[in-house]
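Report on one structure; see the data block that follows.
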């Protein structure tokens, strides 16, 4: 009988320990916020700066271009954690005329979201799977889009390589709902490219976009407000 009780005790310890280990491993560290400086603050050789910025610019596929969201998760008996999901499937363009961006938009493929908790081996695919049918509901709303509704004044010295901080006003369409928002953006001419990023993650209330808080095993609750962020690399032409 003692052996049986001992065996049951060992099994319980292993199960509880395994559950805690799963939570700790799956949470990892929260990735840094996106910025025009990129990872480590170095962009490398991006070519020669054009004489004039006027004209059309398109999102450069691959490279560092990425967009996504972050939202706080409350784990039972553990500190809050910020989950970060990002997609590198982004398309878009903008037009420069004189000292202003006169029009622009970008679209993010939310079905390509990956969660970037560190270490890389614990990306918690369950979160992306959960988003297919709850929260973002990517099965029904696979894309998020932003389109400028007002020009952005970037100034006459935009091509000098310094980071410019300004405001962007436009329509964000998320979960099938379109809202006008204004937020701060950073822009920097880097060789033959222009790097554009959210200055800070932009707050998004889930109820504003008809979204319900997602649920998942081991999570006591999810915040009713998240945020979106992006780093877009543009090339002329």
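Suppose the chain between residue 100 and residue 54 were pulled fully straight at 0.36 nm per residue; how much longer would it get relative to their current alpha carbon spacing?
Here the segment from residue 100 to residue 54 would lengthen by 15.7 nm.
Run the numbers for residue 166 and residue 30: contour at 0.36 nm per residue of separation, minus the present Cα-Cα distance, in nm.
Difference between extended and current length: 46.3 nm.
Mind sorting 164, 71 by how few other Cβ atoms lie within 10 Å of their own Cβ, fewest first? Write down the numbers at each step before the final one.
Numbers: 164 18, 71 23.
Neighbour counts put them in this order, fewest first: 164, 71.
What spacing in nm lies between the two simple spin-label points modelled at residue 156 and residue 236, each 7 Å away from Cα in the Cβ direction?
1.9 nm
Given segment 150-195, what whole percent of its Cα pairs are spread farther than 13 Å?
When every Cα pair of segment 150-195 is considered, 62 percent fall beyond 13 Å.
For a distance above 19 Å, tell me the whole-number percent of Cα pairs in segment 126-237 that qualify. Could you put the intermediate results ahead of the total?
Values: 3394 of 6216 pairs.
Here the tail beyond 19 Å accounts for 55 percent of pairs.
For a footprinting-style exposure proxy, rank 113, 206 by other Cβ within 10 Å, fewest first.
Least crowded to most crowded, the residues run 206, 113.
Could you give the length gained by full extension between residue 89 and residue 184, i.e. 0.36 nm per residue of separation minus their alpha carbon distance, to one decimal place?
Extra length available between residue 89 and residue 184 comes to 31.9 nm.
Here, each number is a calculation from the coordinates, and none is a lab measurement. Quick caveat: nothing in here was measured; it's all calculated off a predicted structure. Counting neighbours? That spans all protein chains shown, and the Cβs are built from the backbone with ideal geometry, glycine included.
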